[in-house]
1. Looking at region 74-88 only, could you name the residues that are open to solvent by 10 Å² or more (accessible area, probe 1.4 Å) and out of contact with any Phe, Trp or Tyr (no Cβ under 9 Å at 6 or more places or on another chain)?
2. Which of (1) closer than 27 Å to F124 by Cα; (2) at pLDDT 95 or above; (3) outside any helix (DSSP H, G or I) does L91 not meet, given it meets every other one?
3. Regarding A129, is this residue under 25 Å from E204 (Cα atoms) and of a type in the set (G, A, S)?
4. Take the conditions more than 23 Å from D125 (Cα to Cα) and in contact with a helix residue (DSSP H, G or I) (Cβ under 8 Å, 6 or more places away or on another chain) and apply them to A19. Does it pass?
5. Does D131 fit the bill of being in contact with a helix residue (DSSP H, G or I) (Cβ under 9 Å, 6 or more places away or on another chain) and either among the acidic types (D, E) or in a helix (DSSP H, G or I) (or both)?
6. Take D17 and tell me if it is open to solvent by 60 Å² or more (accessible area, probe 1.4 Å), out of contact with any Gly (no Cβ under 7 Å at 6 or more places or on another chain) and among the charged types (D, E, K, R).
7. Taking T118 as the residue in question, decide whether it is surrounded by fewer than 22 Cβ atoms within 10 Å (Cβ to Cβ), in a helix (DSSP H, G or I) and polar (S, T, N, Q).
8. Given (1) over 25 Å from E161 (Cβ atoms); (2) at pLDDT below 90, where does G41 come up short, assuming only one miss?
Amino acid sequence: MLFDMDGTLVDSEKLWDVALQELAREYGGELSADARRSIIGTAMAESMRILHDDLRQPERDPEFSAAWINARILELFRTGLRWRPGAFALLRAVRAAGIPTALVTSSPRALVEIALDTLGRDNFDTVVAGDEVVAVKPHPEPYLTAARLLGVPIERCVAIEDSPTGVASALASGAVVLAVPAEVALPSTVGVHQLESLTDADLELLETLLADRAAA
């Protein structure tokens with residue numbers, strides 16, 4: 001099992017909203033709704049490019065902005081992180097069944113370490129953070145890396161995602177993809193099974209998805 005983090009397991013996108021809007025206001029502007037939607041699921045460098053362009057301030061230093069966001073989001077993660085509906089129950093069921101499990105996120109390792117206080121370090125056999133791969137989502141490298149670390153063929157892995165960027169990454173890797181949209185609606189895509197909530201997901205569904213892949 002390959003789990004995305006932000007928006008999939010934890011309801012952290014609202015915390016990112018806070019940090020991004022605060023930085024935009026520091027720069028004398030307001031982040032537009034379209035730009036915020038575009039940022040969801042992207043790596044930090046791309047997120048800062050989108051923010052700067054949206055504010056019509058492309059000359060801003062992306063490293064400075066990223067450091068500001070990282071410092072603020074660390075504070076918010078320590079106090080405001082909440083599970084997405086159904087996420088804890090599914091993760092607990094997967095672990096009870098002894099299924100190899102990875103966390104695959106675009107967030108940097110420092111942030112992931114704080115999130116793991118909520119998620120539980122023992123719930124994952126390996127973690128792939130956004131600053132630990134060469135190519136980030138939507139490139140397939142994060143998911144391919146997780147499958148390799150687990151020692152499981154990617155075709156035998158189910159990846160759970162919430163964003164267009166994450167879905168594209170998981171689909172390109174060759175994993176079976178289960179999409180559960182959070183902040184952004186997802187289009188119907190061939191090869192992607194979509195649910196409204198992880199409360200509708202269980203081990204039987206995951207087994208069915210893998211069986212369908214094998215039959216195909």
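The values are calculated or read from the model by the stated rules, or taken from the named source; none is laboratory data. Model, not experiment: these values are computed from the prediction. Reconstructed Cβ throughout: ideal geometry from the backbone, glycine too, with neighbour counts over all protein chains shown. Ligands, DNA and RNA are stripped out before the accessible areas are found, and what is left, the full protein with its side chains, is counted by its heavy atoms. Shrake-Rupley method; radii C 1.70, N 1.55, O 1.52, S 1.80 Å.
1. If the condition is that a residue be open to solvent by 10 Å² or more (accessible area, probe 1.4 Å) and out of contact with any Phe, Trp or Tyr (no Cβ under 9 Å at 6 or more places or on another chain), then L74, E75, R78, T79, G80, L81, R82, W83, R84, P85, G86, F88 are the ones that fit.
2. (3)
3. So A129 fails the test.
4. When the stated conditions are applied, A19 passes them.
5. Judged against the criteria, D131 is a match.
6. No.
7. Against the criterion (surrounded by fewer than 22 Cβ atoms within 10 Å (Cβ to Cβ), in a helix (DSSP H, G or I) and polar (S, T, N, Q)), T118 qualifies.
8. Result: G41 fails condition (1) only.
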